[in-house]
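The values are calculated or read from the model by the stated rules, or taken from the named source; none is laboratory data. Just so it is clear, the structure is predicted and the values come from calculations on it, not from any experiment. Ideal geometry is used to build each Cβ from the backbone, glycine not excepted, and the neighbour counts take in all protein chains shown. For accessibility, only protein heavy atoms count, side chains too; no ligands or nucleic acids. Shrake-Rupley method; radii C 1.70, N 1.55, O 1.52, S 1.80 Å.
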Amino acid sequence: MKNIKFFHLGQFFGKRALIATLLGAGLAVVTEYVLPKFGIFAYSAIQYWITPATITFTLAVIIIFSAIAKNLVASILIGTAAILSFYSPYTAGIYDYGFWSIVIIYLVTAFFSGLFAAIEMSGRTALLVVGIVYGIQGFIGAGTSMFLGLTNMHLPFHDNYLGIAYGKTMGSFPLYDVIVGGFSFIFMLVFIILSRRRDSIDVDNKKREIIGQIIIFLAIFGAILFIVLSNVMFDQTSAELIFGDKNTRFMNLLFAKNLTGGFMAIKLLNVFYILPIVGFAIGIGMLFIIHGRAKGTTGHFRMNFEGPLLLLNVVPFLIILFYSYPVQRFFAGDAPVTHFYLEMPAWFTVFTEYTSLLLINLLVAYIIFKIITLTKYLIQKR
């Protein structure tokens with residue numbers, strides 16, 4: 001990797017970073033406070049097909065403007081603006097029910113969106129990064145699913161007549177989780193092997209770019225369509241029966257922004273597999289893009305707008321890890337555990353709600369990125 005300007009704090013005062021920060025922070029206030037406060041995008045018709053109950057586009061704002069600014073200070077300021085603008089339907093108890101999850105979501109997203117967009121690397125390094133990052137996220141999905149499957153944490157959903165998909169076992173062997181984990185390893189290994197090769201091409205790069213972009217778009221849009229067609233909805237009463245009142249309040253705090261909003265479960269495919277599968281498809285698309293922009297694997301380039309696509313299921317994993325009982329037990333020390341923590345069945349819902357919200361925001365960000373790219377291309381053609 002070459003010199004990473006992302007960490008050069010003085011770059012923040014450049015025109016691009018400064019304007020992107022001001023616009024990004026301002027729009028974050030609108031999407032995170034103004035729109036939810038007045039119930040905009042909280043349509044019951046939407047909740048029939050997909051949740052969260054109130055769709056917010058703060059993640060798209062953070063992704064877009066952090067990627068444009070490509071600066072650490074800008075990412076922190078945009079993420080902080082979103083955190084401080086956070087709107088909750090509850091009048092009290094925001095810190096008791098997981099406010100730090102908001103900090104994790106917005107700061108981690110802002111940081112890595114800016115970082116991955118700013119890094120200049122060779123095609124070989126890019127293939128290595130893509131393979132390792134998406135491979136690890138496959139392990140996260142398979143590992144989390146395996147842990148919940150072996151402890152039968154899907155049963156509270158089934159006991160309440162919600163046919164949620166989970167990592168089924170063959171006897172006591174977590175077959176599907178091992179398959180996903182094995183594919184993650186193969187995916188990582190293939191990209192590591194490809195990163196060791198030195199290729200140089202002189203053919204038209206645009207064809208590879210177009211193929212890669214089509215694959216990425218279909219991966220994101222296809223996942224959203226699958227969620228819409230394969231979910232089952234459940235209300236507040238069912239949520240409280242499955243994972244308790246405190247966890248239900250947490251879900252409303254984090255996702256619904258609506259005291260009467262419902263939730264959903266995926267019934268045809270384990271939710272912990274969705275983002276890894278999307279990541280594998282995006283990785284294949286990025287393979288074409290990398291070969292086009294880096295003229296094989298020997299040239300250098302920046303991922304730019306494709307960089308934020310590397311961050312998929314890391315954020316929900318950090319949330320369930322931070323709010324797991326052992327971690328909260330550690331924070332409590334010798335005192336009784338009075339801190340809020342997530343019941344393990346709630347992990348399904350955290351991943352489900354975050355997955356649908358992230359994919360919707362990625363689709364919006366992706367479309368805007370393409371509009372920006374096309375506009376720049378048309379201006380340069382003049």
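Over 25 Å between Cα atoms, which of K70/K370; K15/K376; K295/K376; K168/K246; K206/K370 qualify?
Over 25 Å Cα-Cα: K168/K246.
How tilted is helix 175-195 with respect to the longest principal axis of the chain? Cα atoms for both, answer in degrees (0 to 90, nearest 10).
Rounded to the nearest ten degrees, it is 20.
Below 8 Å between Cα atoms, with a sequence gap of 6+, how large is the relative contact order for the chain in percent? Walk me through the numbers on the way to the answer.
Working: 655 pairs, mean separation 95.5, N = 382.
Rounded, it is 25 percent for the chain.
Using the heavy atoms of the protein chains and a 1.4 angstrom probe, tell me the accessible area per residue for the chain in square angstrom.
45
On a C-alpha basis, how far is the centre of the stretch 209-263 from the centre of the stretch 268-324 in Å? Whole number, if you could?
Measuring centre to centre over Cα atoms gives 20 Å.
With unit charges on the beta carbon (Lys/Arg positive, Asp/Glu negative), name the residue among G283, Y323, Y106 whose Cα is farthest towards the positive pole of the charge dipole of the chain.
Farthest towards the positive end: G283.
So how much accessible area does I216 have, in Å² to the nearest 10, using a 1.4 Å probe?
Using a 1.4 Å probe on the heavy atoms, I get roughly 0 Å².
Please give, to one decimal in nm, the separation of the simple spin-label points placed at I186 and H158, each 7 Å out from Cα toward the Cβ.
Output for this residue pair reads 2.8 nm.
For the stretch 365-378, what does the Karplus curve 6.51 cos²θ - 1.76 cosθ + 1.60, with θ = phi - 60°, yield as ³J(HN,Hα) per residue in whole Hz, taken in order and with x for Gly and Pro?
4, 4, 4, 5, 4, 5, 5, 4, 4, 5, 4, 4, 5, 5
Roughly speaking, what is the stretch gain from F330 to F147, that is 0.36 nm per residue apart minus the C-alpha to C-alpha distance, in nm to one decimal? Walk me through the numbers on the way to the answer.
Working: separation 183, 0.36 × 183 = 65.88 nm, distance 2.03 nm.
Difference between extended and current length: 63.9 nm.
Residues with amide H under 5 Å of G296's amide H, sequence separation 5 or more or different chain, H placed in the peptide plane at 1.01 Å from N; which?
I201
Label points 7 Å out from Cα along the Cβ direction at L22 and L321: separation in nm?
Going from the L22 label point to the L321 one covers 3.8 nm.
What percent do you get for the relative contact order of the stretch 199-277 when only Cα pairs under 8 Å and 6+ apart count? Intermediate results must be reported in sequence, preceding the final value.
On the way: 39 pairs, mean separation 26.3, N = 79.
It rounds to 33 percent for the stretch 199-277.
Using a basic spin-label model with each label point 7 Å from the Cα along Cα→Cβ, how many nm lie between K370 and S172?
Computed distance between label sites K370 and S172 equals 5.0 nm.
So if I place +1 on the C-beta of Lys and Arg and -1 on the C-beta of Asp and Glu, and nothing else carries charge, what would the dipole magnitude of the chain be about its Cα centre? I want it in debye, nearest 20.
In total the dipole reaches around 1780 debye.
Measure nothing but the geometry: give the 0 to 90° angle between the long axis through the Cα atoms of 271-293 and the longest principal axis through the Cα atoms of the chain, rounded to 10°.
Helix 271-293 and the main axis of the chain meet at about 10 degrees.
Would you mind telling me the share, in percent, of accessible area of the stretch 244-382 contributed by carbon and sulfur at probe 1.4 angstrom?
67
Taking only Cα atoms, what is the 0 to 90° angle, nearest 10, from helix 205-230's long axis to the longest principal axis of the chain?
10
Using a 1.4 Å probe on the protein chains only, how many percent of the accessible area of the stretch 63-132 belongs to carbon and sulfur?
So the carbon and sulfur contribution to the accessible surface is 72 percent.
For F217, put the label point 7 Å out on the Cα→Cβ axis and report which residues of the stretch 350-367 keep their amide N under 16 Å from it.
Counting only backbone N, you get 362-367.
Can you list the residues of the stretch 104-121 with backbone N under 19 Å from a point 7 Å past the Cα of H8, pointing along Cα to Cβ?
The answer is 114-121.
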